[in-house]
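The values are calculated or read from the model by the stated rules, or taken from the named source; none is laboratory data. No experiment lies behind these values; they were computed from the predicted model shown. Ligands, DNA and RNA are stripped out before the accessible areas are found, and what is left, the full protein with its side chains, is counted by its heavy atoms. Shrake-Rupley method; radii C 1.70, N 1.55, O 1.52, S 1.80 Å.
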Amino acid sequence: MPTLPVADVFESPKWGLLLPTTDTQGPPPIVTSERVIFLEGEKVRALGPDGKEVWAGTWDAFSSEDRSGGDRGFPFLRQVSPEVVAVVDGGRAACEGLDKDSYDTRVALFSIADGKVIKEVVLRGTEGEAPQPGEIGLGFFLGGDPQGTASVVLPDGEVKELPPVEGEGTEGAATIGNTALTITGDYGGASGFAGPGYDSASLAPSPKHTLGSVQASNANNWAVGRFVIPMGEPVYRVFDASNGDLLSEPKCDPVEADEIVMSPSRSWGVLGPMRIDREGQATCIGEEGQRKVRLTAVTDEGRSFGLASQSGGDDVLVDVSATGDISTAPLPEGAAPPVGVMKDGRAIHFDPHTGTLTANPIKED
């Protein structure tokens, strides 16, 4: 059985396997309470808590000759709601008769529980450009004159074209669960966003914070907004994407983290140095002058794991207890923190270099 070096707070693996590797390192598998989901070539595979395959699915994939590179690299897998994952693929599609070929984007939606195909949709592009996916959920933008078209694919497969926001240019779109957001801006640069009954200006801490963006989401209701005074330091706010209600104002920077990793029951989340409780209250782990913390996994009790690093020093595992007590432990050579936690406390570890995936139970505190 394949194994990985892990920190001492984890037991030997209950199971391990090797996933195919590619020249470019992709994101880690999606980890939920009862599934580990990943792409293997042009197939989606889902494993259960015992490491055995529960389902596998395919989609109307582009051939390697017709597939586009895309900003994120096609195809890619993304969780778009607590119950649904999506495969996004893009490339050149042949048309019939005298119609010109176009570059299209295809989206296939799968049920996390059983792999049922919920729907496959095609977003038509032009002969030179496909609708480009955004960073959050299933939002797409197709450039054009005068300002292009923003559209979204919701978890049930419904496709919506988003109307322009009055007084703003359109630069893209995003979805957070069943909520659609329009990304606004001008001259090819995003500077804000708008949701149902709110926008980035209404969520910003002051009128001076004129630049707003969605940093991350939990693919359901939480979103983390990033607000900046031009040439100033960013400020972050956790809000409810469905209505714009402010949940908390963390005083730390998630840096490049762009997805809130959830606990098995989705009651807790982590993002960079933030630990977010069931009410959306974010606590920052680590202080200025200390090691930089990046949390990567969390249990239903709020116990969180991640990396603590500093320039020129060895990374260590950071272990935050349910009550918020912080401890560190050395990491064996080649070890990394888990990428998620399944039910029964099985911490999923993944090495993108070798494709090794293991499930290591968490030792009791």
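Computed quantities for the displayed model
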| item | result |
| --- | --- |
| Over 23 Å between alpha carbons, listed pairs 43/116; 292/363; 251/343; 52/116 | 292/363; 251/343 |
| Percent accessible area from carbon and sulfur atoms, the chain, protein chains only, probe 1.4 Å | 46 |
| Value at 222 nm in deg cm²/dmol, rounded to 500, when DSSP H runs of n ≥ 4 in the chain each add -39,500 (n - 2.57) | 0 deg cm²/dmol |
| Separation of alpha-carbon centers, the stretch 204-258 and the stretch 147-193, rounded to whole Å | 17 |
| Max mean-square fluctuation residue, GNM over the chain, Cα-Cα springs under 10 Å, options 90, 269, 69 | 69 |
| Per residue solvent-accessible surface (Å²) - the chain, probe of 1.4 Å | 48 |
